[in-house]
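Have a look at the structure below before the remarks.
What follows is calculated from the coordinates using simple rules that are stated; it is not laboratory data. All values reported here derive from a predicted model rather than from experimental measurement. For neighbour counting, all protein chains shown are included, and Cβ atoms are generated from backbone atoms with ideal geometry for every residue, glycine included.
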Amino acid sequence: MSFPANESIVLADAGVQIAPLDASGAGAKTILRPLSLELTERRIAVIGANGSGKSTLLRLLNGLVLPTSGTVRINGLDTQTQGAAVRRLVGFVFTDPLSQLIMPTPVEDVELSLRRLKLSKRERRDAAMSVLSSYGLDHLAHSSIYELSGGERQLVALASVLAVDPGILVLDEPSTLLDLRNTKLLRERLTALPQQLIISTHDLALALMCERVLVVDDAGIAFDGGPHEAVGWYRESVG
Ligand SMILES: Nc1ncnc2c1ncn2[C@@H]1O[C@H](COP(=O)(O)OP(=O)(O)OP(=O)(O)O)[C@@H](O)[C@H]1O
């Protein structure tokens, strides 16, 4: 599916509070202040300090986290009530690939992603091998996931999500474990993808390749604008 097939991602006063530990309300914690955003650009980066709320914001976009106030709609689908449809539309790549890779080997993991397509066993294996090969991972197809390096796992996780061609791709710090060569490969791959991308990253070079950058700070959006302004603002804010 290619951009702009999607209509829009709309957050209306969407906030996330962690429930209090007891009925008195003591212990409630706001991890995302209510936000209203319309995300229509093809590539949007989310940057900001550790613990500022980036992952929480991203997880709202495929219903992994549900808003405790307001709504999140993806092409009109409400994440609260239409979670399964939202997850079919929004591919999510986790920072920690081991949270995502559940099969013993890369080829089996990609095959699992492809299960929704009506393919024979042989076709599914061929399709999975071709996806891995396009990432230069075919030589690792039958290795144990636990034998792969962190960066190799991160690439397998990305390949597995992209195998089903989701309409929207949400990536949570996808380059944290990658070396310089693979970080560059990832940047090139991501910018060439036809899908809408929402990506949280500490790689400011990647943020600069996006059309819009949200700077998250203290559970809210501190800056929202073009890449150069936003990255400049962020650099100044950290001194
Ligand atoms: N389920 C939860 N229960 C309690 N606190 C949570 C929960 N999820 C997130 N938090 C807290 O909310 C804050 C924001 O977390 P989040 O993972 O969104 O940050 P982040 O900006 O992605 O950080 P990083 O760059 O370190 O990955 C953190 O203080 C985190 O500890």
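Which order do the peptides 119-129, 64-74 come out in when sorted by mean C-beta neighbours inside 10 angstrom, highest first? If you can, show how the numbers build up before the last one.
Working: 119-129: 14.5, 64-74: 18.8.
Ranked from most to least packed, the peptides come out as 64-74, 119-129.
Gap in Å between the Cα centre of segment 198-227 and the Cα centre of segment 128-173?
A separation of 25 Å, based on Cα centres.
Using a Cα-Cα cut-off of under 13 Å, which aspartates and glutamates could be cross-linked to K184, ignoring same-chain neighbours fewer than 8 residues away?
Counting by Cα, and skipping residues close in sequence, K184 has these aspartates and glutamates nearby: D203.
Just how large is the dipole of segment 9-238 about the Cα centre, in debye to the nearest 20, putting +1 at every Lys and Arg Cβ and -1 at every Asp and Glu Cβ?
620
Where a Cα-Cα gap under 13 Å defines reach, which aspartates and glutamates qualify for K54, not counting those fewer than 8 residues away within the same chain?
D172, E173, D217, D218
Under 11 Å from the Cβ of V16, count the other residues' Cβ atoms, weight Lys and Arg +1, Asp and Glu -1, and hand me the total.
+3
Could you give me the ³J(HN,Hα) list for segment 54-61, computed from phi with Karplus coefficients 6.51, -1.76, 1.60 and θ = phi - 60°, whole Hz, x at Gly and Pro?
In residue order, the calculated couplings are 4, 5, 4, 4, 5, 5, 5, 6 Hz.
For F223, what residues show an amide H to amide H distance below 5 Å, using hydrogens built from the backbone and excluding near sequence neighbours?
V215
Cut-off is 10 Å between beta-carbons; in what order do K184, K54 appear when sorted fewest neighbours first?
On the way: K184 14, K54 26.
The fewest-first ordering by Cβ neighbours comes to K184, K54.
For A28 and H228, FRET efficiency with R0 = 45 Å and r from the beta-carbon atoms, rounded to 0.05? Intermediate values should be presented prior to the final figure.
Numbers: r = 38 Å, r/R0 = 0.84.
It comes to 0.75.
Per-residue HN-Hα couplings for segment 220-232, Karplus 6.51 cos²θ - 1.76 cosθ + 1.60 at θ = phi - 60°, whole Hz, x for Gly and Pro?
After applying 6.51 cos²θ - 1.76 cosθ + 1.60, I find x, 8, 8, 8, 9, x, x, x, 5, 5, 5, 5, x Hz.
Summing -39500 (n - 2.57) over the DSSP H runs of n ≥ 4 in the chain and dividing by its residue number, what mean residue ellipticity at 222 nm do you reach, to the nearest 500 deg cm²/dmol?
That calculation yields -9500 deg cm²/dmol at 222 nm.
List every residue whose amide H lies under 5 Å from the amide H of L35, counting only residues 5 or more places away in sequence or on a different chain, with H placed 1.01 Å from N in the peptide plane.
D13, A14, G15
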